[in-house]
1. Within the stretch 241-250, does at least one residue satisfy the condition of being in the same structural domain as T301 (by TED's automatic domain parsing), closer than 23 Å to L195 by Cα and exposed (fewer than 14 other Cβ atoms within 10 Å of the Cβ)?
2. Output the residues belonging to the stretch 6-41 that are modelled with pLDDT of 90 or more and assigned to a loop (DSSP other than H, G, I, E, B).
3. Can you find even one residue in the stretch 358-367 that is within 16 Å of the ligand (Cβ to nearest atom) and among the charged types (D, E, K, R)?
4. Within the stretch 163-171, is even one residue in a loop (DSSP other than H, G, I, E, B), free of Cβ contacts under 8 Å to residues at least 24 places away in the same chain and of a type in the set (K, R)?
5. Would you say V210 is under 30 Å from G165 (Cα atoms), hydrophobic (A, V, I, L, M, F, W, C) and surrounded by fewer than 16 Cβ atoms within 10 Å (Cβ to Cβ)?
6. Of the conditions (1) touching a Leu at 6+ places or on another chain (Cβ under 7 Å); (2) at pLDDT below 95; (3) assigned by TED's automatic domain parsing to the domain that holds V268, L158 clears all except one; give me its number.
7. Only residues that are within 18 Å of A291 (Cβ to Cβ) and either surrounded by fewer than 19 Cβ atoms within 10 Å (Cβ to Cβ) or not hydroxyl-bearing (S, T, Y) (or both): list them for the stretch 190-205, please.
8. Using beta carbons and a limit of 6 Å, which pairs, at least six apart or on different chains, have the first residue in the stretch 292-315 and over 20 Å from Q422 (Cβ atoms) and the second one modelled with pLDDT of 95 or more and not in a helix (DSSP H, G or I)?
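The values are calculated or read from the model by the stated rules, or taken from the named source; none is laboratory data. These numbers were taken from a predicted model, which means no experiment stands behind them. All Cβ positions, glycine included, derive from the backbone under ideal geometry; neighbour counts span all protein chains shown.
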Amino acid sequence: MLRRKKKKSGGPSGGSAQVALPPVDFKPKADDKQQQQGILIACRGIEQYPAAVMMLAHALAGRADQILLDYSKQGVAVRYRVDGMWENMPPMDRPTGDGVLVVLKRLCNLEPTDRRSRQQGVLPVAFKGVDWIIHFVSQGIPTGERVLMRIEPKKPVLNTLGDLGMREKMQEQLKSLLNSDSALFLFSGAPGHGLPTTWRVGLEAADRFVRDFHSIQDVTSEDPEMINIAKHTFDSAAGESPMTVLKSLLLKQPDVLIFPEFVNADVVKLMCEEVLEEHRYTITRIVAGSAIEALLKLIATYKASAKELVKMTCGVINQRLVRRLCSDCRQPFQPSPQLLQKLGIPPGRVQTLYQPFIPPPPEQRVDANGKPIEIEICRKCDGRGYYGRAAIFEVLQLDDTIRNAILSNPSPAAVLPVARQQGFLTLQEEGVLSVATGLTSLQELQRVLAPPRPSQSKRS
Ligand SMILES: [Zn+2]
């Protein structure tokens with residue numbers, strides 16, 4: 001139990017007033033400074049305030065981007081998500097966990113006594129010179145209450161295609177596809193694999209200075225504002241659709257129309273006419289496991305416009321996130337010729353591949369007599385073997401051969417061999433390049449390319 005470790009730092013423990021708290025600077029939303037000060041003073045008066053501070057500092061210092069708290073009769077299970085992987089943390093007892101939750105809800109201007117309704121709030125936080133936004137959601141569940149905190153840097157840290165891990169040649173290919181005339185471009189990705197980030201960075205990489213860009217999105221959409229992209233919103237809750245704003249917008253002869261979602265068949269039909277007859281350019285996105293799957297999903301959803309959609313699509317991008325091998329502790333090994341052959345790497349091209357160094361769990365760090373063995377744990381990655389993530393991408397550039405293949409048999413099994421003949425590199429092949437350069441490991445590539453298990457896909 002964490003409460004026992006009062007004197008030690010580094011865990012979300014309930015320390016006493018003498019222990020200096022880590023520098024987590026809460027900036028709760030309020031009408032003015034005075035009100036904000038009032039919230040902070042009230043929270044500091046709560047016995048478990050130090051435990052709340054310690055937990056957030058621990059999560060931020062450990063690079064967690066999500067914290068999950070599960071309240072049940074027995075206690076509070078604590079989990080962090082680091083580089084896309086959930087890790088169990090020591091649990092909290094109920095009195096500590098309950099107090100922590102009161103602090104967090106007050107800081108988010110929510111109702112601490114309500115343990116059943118879904119409550120949602122935002123909490124700006126500064127920690128060691130970096131500003132973060134914590135998106136807080138709590139919800140009563142049959143066994144107690146569940147709390148999910150999403151932690152995002154206030155300023156995006158990934159701003160260029162290179163930041164995302166895209167190789168240079170592909171960056172050029174993508175930019176040229178995004179800057180071509182009268183076409184449709186499709187962004188896609190598996191759930192939880194960074195599609196919103198690539199969408200933002202990709203749109204910013206398009207030439208928004210020569211052509212005028214307009215995005216048409218629901219008022220509730222979380223997509224951020226972007227420079228040189230005019231935003232037009234509709235309210236789907238009030239029965240509106242992109243059509244509500246599209247007709248008047250088209251009178252202004254826009255060059256590029258961006259739809260986070262097409263929403264309905266009327267919009268697709270109209271956009272097909274606008275692209276094919278009025279030479280406009282349009283961009284949309286779809287959740288799918290591969291570029292081919294994404295395009296097939298789009299035409300299956302809008303069957304009436306399938307032919308037009310295939311005809312006007314110039315390209316589709318898809319991506320997966322892989323964990324980067326920790327550069328401090330990765331272990332080189334000589335791949336066998338059989339392994340290289342299996343990976344499709346020509347003999348002699350790669351002498352060394354890398355695997356993660358993952359130390360055995362503490363209970364196994366003993367010799368034959370049960371005496372503890374000292375194993376140095378990497379300080380950079382904390383023994384995870386990985387540090388940070390990068391995306392691997394595939395870009396399907398359509399030509400008439402691929403278009404004909406799609407129209408004659410819209411199945412991945414039929415389209416893939418044709419696309420490969422035309423030079424298309426799959427996520428698997430692009431991933432092998434990342435393994436060959438030591439960016440990631442073969443195990444990691446296999447993990448992210450394995451088909452998702454239904455129970456996993458939801459929370460990732
Ligand atoms: Zn390491």
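1. no
2. L21, P22, P23, K27, P28, K29, A30, D31, D32
3. No; the residues of the stretch 358-367 include none that is within 16 Å of the ligand (Cβ to nearest atom) and among the charged types (D, E, K, R).
4. Checked the stretch 163-171: no residue is in a loop (DSSP other than H, G, I, E, B), free of Cβ contacts under 8 Å to residues at least 24 places away in the same chain and of a type in the set (K, R).
5. Yes: the conditions hold for V210.
6. (3)
7. Result: A190, P191, G192, H193, G194, L195, P196, W199, V201, G202, L203, A205.
8. Note: pairs meeting the criteria are K297/I286; K297/A288.
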